[in-house]
1. Filter segment 9-21 for residues that are more than 20 Å from K103 (Cβ to Cβ) and either modelled with pLDDT of 85 or more or of a type in the set (A, V, I, L, M, F, W, C) (or both) and give the result.
2. I need the full set of residues from segment 59-84 which are under 13 Å from A19 (Cβ atoms), open to solvent by less than 90 Å² (accessible area, probe 1.4 Å) and in contact (Cβ under 8 Å) with a residue 12 or more places away in the chain, in order please.
3. When you look at K121, is it in contact with a Lys or Arg (Cβ under 9 Å, 6 or more places away or on another chain), at pLDDT below 85, of a type outside the set (S, T, Y) and open to solvent by 100 Å² or more (accessible area, probe 1.4 Å), yes or no?
4. Go through (1) more than 24 Å from L17 (Cα to Cα); (2) among the β-branched types (V, I, T); (3) open to solvent by 70 Å² or more (accessible area, probe 1.4 Å); (4) at pLDDT 80 or above and name the single condition T56 misses.
5. Out of everything in segment 22-42 that is of a type outside the set (A, V, I, L, M, F, W, C) and open to solvent by 90 Å² or more (accessible area, probe 1.4 Å), what residue ends up being modelled with the lowest pLDDT?
Amino acid sequence: MLPEIELEKLQNKDFDLDAAHSFCQWQCCLQMGLYLNQLLCTPLSEPDLSRLYNGTLVHRLYQELKSTPSVENLFSLSPKITQLYQALLNTVESTVSPDFFQKMTKTKSESCKKKKVSNKKKRAISLKTL
């Protein structure tokens, strides 16, 4: 019963497991950077983390960007932001390989879900044969 409830929560449209995982990885990198800074006797001043990262804001922005047909539509109000976006985009595109932005066929969470379902079926079959 409990795994079914957990699966229903994961299927909530407002929650993206892959995005949450990415944000969690980013937070871990940030934390390790802070630890390294402290280990080196704080050569860099420590940032105010509450201003640097706001999880609610990041998730809402992610949902907004995900629901927008084109990122460029968000920048139509300010030509300066559009120029900055284009400069950043050109820099990233010139740095990475052309196939870097191709969509993945399966996300990590989808393959994990399928493995869990497959394992449950195997266990159910092995219990029936006993």
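1. Of all residues in segment 9-21, those more than 20 Å from K103 (Cβ to Cβ) come to 9-12, 14-15.
Once the filter is applied, which keeps residues that are more than 20 Å from K103 (Cβ to Cβ) and either modelled with pLDDT of 85 or more or of a type in the set (A, V, I, L, M, F, W, C) (or both), segment 9-21 yields L10, F15.
2. Those that are under 13 Å from A19 (Cβ atoms), open to solvent by less than 90 Å² (accessible area, probe 1.4 Å) and in contact (Cβ under 8 Å) with a residue 12 or more places away in the chain: H59, Y62, Q63.
3. Numbers: in contact with a Lys or Arg (Cβ under 9 Å, 6 or more places away or on another chain): no; at pLDDT below 85: yes; of a type outside the set (S, T, Y): yes; open to solvent by 100 Å² or more (accessible area, probe 1.4 Å): yes.
Judged against the criteria, K121 is not a match.
4. Unmet condition: (1).
5. Of segment 22-42, the ones of a type outside the set (A, V, I, L, M, F, W, C) are 22, 25, 27, 31, 33, 35, 37-38, 42.
Keeping just the survivors that are open to solvent by 90 Å² or more (accessible area, probe 1.4 Å) gives 25, 35, 38.
Details: Q25: 91, Y35: 95, Q38: 94.
Ranking the qualifying residues of segment 22-42, first place goes to Q25.
The values are calculated or read from the model by the stated rules, or taken from the named source; none is laboratory data. Just so you know, these numbers come straight off a predicted model, no measurement behind them. Don't worry about glycine lacking a Cβ; one is built from the backbone with ideal geometry, like all the others, and counts go over all protein chains shown. Only protein heavy atoms, including side chains, enter the accessible area calculation; ligands, DNA and RNA are left aside. Shrake-Rupley method; radii C 1.70, N 1.55, O 1.52, S 1.80 Å.
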